[in-house]
Amino acid sequence: MVKIENVEKRYGKFTALYPLTMDIKRGSHLLILGPNGAGKTTLIKSMMGILNFKGRIEINGIDVNKDPRGAKRNIGYVPQNYAFYEGLTIYDHSVLSTRLKNLGTEQIEEKLKLVNLWEARKRRVRACSDGMKQRLGIALAMIGNPKLLLLDEPTSNIDLRGQLEFQKLLRSLLAAGKTMITTSHLTGLGELASEVMVIDHGRVITRGPPEELLTRLAVNDTIYVRVKGADAESVSNLLKSQGAVDFDLQGEWLRAAVPSTTKLGVLKNLLNSSFDITDLLVERSEIESEYVKLLAAGGAPGSNK
C-alpha cells in the first residue's frame, strides 16, 4: 500500500527526517511512536504531499510527487486538531465534506453509522464531546472510501472513555481490511498494531512487530500474588528461582517482575504449589511503556538507526 524510499526532509541545516526506507502492507496497522518533535508529523505530511522532500513515496502505486492529487484520493487523514465548523450539525458537516470531495451524499449514513454518530446527526458540532468529534473526523476521512487512513495523534485530546471507543472503532476498521498509520507520543494502541516504529530526532530507533520488540528488549511482565502470611516468603523464593526481580509486599499482595518468556511457567508452578494463594493478577508489558527506554538507550537490538 505504501512504499517509502530514502525519504529525507531538511530545513536548511536542520534535518527533521533522516533517510527512511520501508514498505507498509495492505491491511496492516503501523504505529509510529515518538516524543513531540520526533519527526512523526513530518513523515505524515510528506506522505500527503504537503511537504517537499527528498526521496520517493508511493501510495497504492501512485507517486506522491508526480501525481499528488491521485495519491491523496487514496488517503483519509485525521489530524490531531480537526478544524470543524462548530455551528454546523454533524450531518451538515458530512454534506460539506462530500461536496469538497466532489461526491454525492449517499455515503453519509453508512459512515456515520460506522462511528456510531447517525442517531446524533442533528446535533451541532459545538455540542459534541471530544470523543464524538474524533469519531466524526474519522467518518469524514472515510468518505470516498480511501484505502489508507493516516491518524495523527488521534487520542491526545480525548478522555479514557473516548480512547476506549476509538480502540473499538480501530478494531472494526482493521477487521474490514483498512490500512492504517497512526502516530502518537504515548497511547494504548500497541495491541492493535501490526508493526511499531519508534522515532526520535528524525531517526528511526527501532521497528518491528510489538511482540518481537518486547522480546528483543527482554521485557518483564508484572505479577501480583495474593498470599497468606507465612507463605509469602516461600512464594518469593519460588519466583526468585525463576528469574523474578523487583519484589514488593503490601499486606497480602506480593508484586514481582517476571520475564515475559517464562511467565506461563511461573504461573503454572504457582498454581501447582501447596502455598495458600488466594488470587493472581498479571499486568502485561506494552510496547508504549517500553519505548521510553528505547529513546533513553538510543536504540535497541535490531535497530535500523
>> I'm trying to understand the selection: among the residues of region 245-272, which are among the hydrophobic types (A, V, I, L, M, F, W, C) and touching a residue at least 24 places away in the same chain (Cβ under 8 Å)?
In response: VAL245, TRP253, LEU254, ALA256, ALA257, VAL258, VAL266, LEU267, LEU270
> Can we say GLU106 is in contact with a Phe, Trp or Tyr (Cβ under 7 Å, 6 or more places away or on another chain) and among the charged types (D, E, K, R)?
Replying inline: no
> Within region 158-191, which residues are modelled with pLDDT under 90, among the aliphatic types (A, V, I, L, M) and closer than 22 Å to GLY27 by Cα?
Replying inline: LEU164, LEU169, LEU170, LEU173, LEU174, ALA175, ALA176, LEU189
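Residues are listed down the side, and each one gets a yes or a no for (1) in contact with a strand residue (DSSP E or B) (Cβ under 8 Å, 6 or more places away or on another chain); (2) surrounded by 14 or more Cβ atoms within 10 Å (Cβ to Cβ); (3) more than 28 Å from GLU211 (Cβ to Cβ):
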| residue | (1), (2), (3) |
| --- | --- |
| ASP23 | yes, no, no |
| LYS66 | no, no, yes |
| LEU88 | yes, yes, yes |
| GLN107 | no, yes, yes |
| LYS111 | no, yes, yes |
| ALA120 | no, yes, yes |
> Counting only residues that are over 22 Å from PRO146 (Cβ atoms), at pLDDT below 95 and not hydrophobic (A, V, I, L, M, F, W, C), how many does region 17-41 have?
Replying inline: 5
> In region 122-139, which residue that is surrounded by fewer than 21 Cβ atoms within 10 Å (Cβ to Cβ) and of a type in the set (A, V, I, L, M) is farthest from LEU173 (Cα to Cα)?
Replying inline: ALA127
> Given ASN102, ASN60, which one is without any contact (Cβ under 8 Å) to a residue 40 or more places away in the chain and more than 17 Å from CYS128 (Cα to Cα)?
Replying inline: ASN102
> farther than 21 Å from THR183 by Cβ, modelled with pLDDT under 85 and surrounded by 14 or more Cβ atoms within 10 Å (Cβ to Cβ), is that true of PRO301?
Replying inline: no
> Which residues, taken from region 9-29, are within 14 Å of MET47 (Cβ to Cβ) and more than 23 Å from the chain's Cα centre (by Cα)?
Replying inline: LYS9
> Looking at (1) assigned to a loop (DSSP other than H, G, I, E, B); (2) closer than 30 Å to PRO209 by Cβ; (3) not aromatic (Phe, Trp, Tyr), which is the one condition that is false for ASN102?
Replying inline: (2)
> Of all the helices (runs of 4 or more DSSP H) wholly in region 108-178, which have at least 1 residues that are on the phi < 0 side of the Ramachandran plot and not assigned by TED's automatic domain parsing to the domain that holds GLY37?
Replying inline: 108-114, 130-142
> Checking LEU271 against (1) of a type in the set (A, V, I, L, M, F, W, C); (2) surrounded by 14 or more Cβ atoms within 10 Å (Cβ to Cβ); (3) over 24 Å from LEU214 (Cα atoms), which single condition isn't satisfied?
Replying inline: (2)
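One line per residue, one yes/no per condition, for (1) at pLDDT below 95; (2) of a type in the set (A, V, I, L, M, F, W, C); (3) touching a Lys or Arg at 6+ places or on another chain (Cβ under 9 Å); (4) surrounded by 13 or more Cβ atoms within 10 Å (Cβ to Cβ):
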{"site": "ARG56", "(1), (2), (3), (4)": "no, no, yes, yes"}
{"site": "GLY70", "(1), (2), (3), (4)": "yes, no, no, yes"}
{"site": "ARG73", "(1), (2), (3), (4)": "yes, no, yes, yes"}
{"site": "LEU100", "(1), (2), (3), (4)": "yes, yes, no, no"}
{"site": "ASN116", "(1), (2), (3), (4)": "yes, no, yes, yes"}
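The values are calculated or read from the model by the stated rules, or taken from the named source; none is laboratory data. Nothing here was measured: the structure is a model prediction, and the numbers come from that model. Cβ coordinates were reconstructed from backbone atoms using ideal geometry, including for glycine residues, and neighbour counts include every protein chain displayed.
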